[in-house]
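Student: Take this structure first; my questions come after.
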Amino acid sequence: MPLSSPSNLCWNVIFPPEQEWIEKTLHVAIKTIWQRARNTARTQFGDESLAVEIMEVAIEKAINRLKEGPPVGSDEASLLLDRFYAQEARRRRKANRKLTFLGSSAELPSNPVQNPLAPVDSAIDLDVILQGTPPEVRLALLLRHSRARWSEVAEILGTSAASIRVRCQRALKKIRHRLGISEHGK
Amino acid sequence: MTVATVEPIGKEAVAEHQPILHDDPNDTLLFEKLQKYILTHYPNPERIGCPDPAVLKKFADTPREVGLADLKDLHIFKCAECTRALMELRQRRELAKMQEESHPPIP
């Protein structure tokens, strides 16, 4: 898409008859520096279209400055406009340094980003919970995991349900805490 | 009279969204949740490090004959596939038990 000329964007300013020279002088100044302004926007921001926005700010500042003084020639107006353009480009560069843009939202995947280490994290959790538990407790927990009642586990291990549950208590407490479950009656 | 609705904030809001669940003496809720947790968090479609299916079946049918080493220690707690297989075996075993109870073998 061709870039709009800033002269099409910015000449809504109404000048009094004694300042109409500003309009003509600035038109010439814009034409003089426009190509360089586009190059600057492309090389410094990677986006040539930004030249229009930056130029609009520069034009506004140049108009205000020219209104204050006596009439000047197009060369001087070009220098002035060029300076304001560079000033605005510098301000934007500084502002951009505070932010890091990583592509646009269109480039983001449609699925929510998932932590590839999530399964590893979970494994670490359970490993930590059951770390150091005695073999009989491990086996009891596995049996309870495969069976519906502690009484069945106790029967298999040749002990009482209360006894095996007490021995598994520490591990159970940690798992409860991890899963957000309150113990019976507490 | 106007009754103002106060939105819960801070701890109250958290408590509202995470109700404390009370378990029974059999720890049914704990093991149900643990089962769901394993099924969600430990997918292992390639069956890496799984014990032999025969070992799982033996563990379900005659657990006294199976040791921790046969089960590869706590692998089942870190494997959705083994947990699923164990759930199926348990279901089958309970079904068989129920059938046995309703139709006892003729002496």
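The values are calculated or read from the model by the stated rules, or taken from the named source; none is laboratory data. Predicted, not measured: the structure shown is a model, and the values here were computed from it. Neighbour counts run over all protein chains shown; Cβ positions are idealised from the backbone, glycine included.
Student: Among the residues of region B:64-79, is any at positive phi and more than 8 Å from every other protein chain (Cβ to nearest Cβ)?
Tutor: yes
Student: Restricting to region A:154-167, name every residue that is more than 9 Å from chain B (Cβ to nearest Cβ) and either of a type in the set (Val, Ile, Thr) or part of a helix (DSSP H, G or I) (or both).
Tutor: Passing the criteria: A:Ala154, A:Glu155, A:Thr159, A:Ala162, A:Ser163, A:Ile164, A:Val166, A:Arg167.
Student: Report whether or not A:Ser49 is at pLDDT below 85, in the same structural domain as A:Ala29 (by TED's automatic domain parsing) and among the polar types (S, T, N, Q).
Tutor: yes
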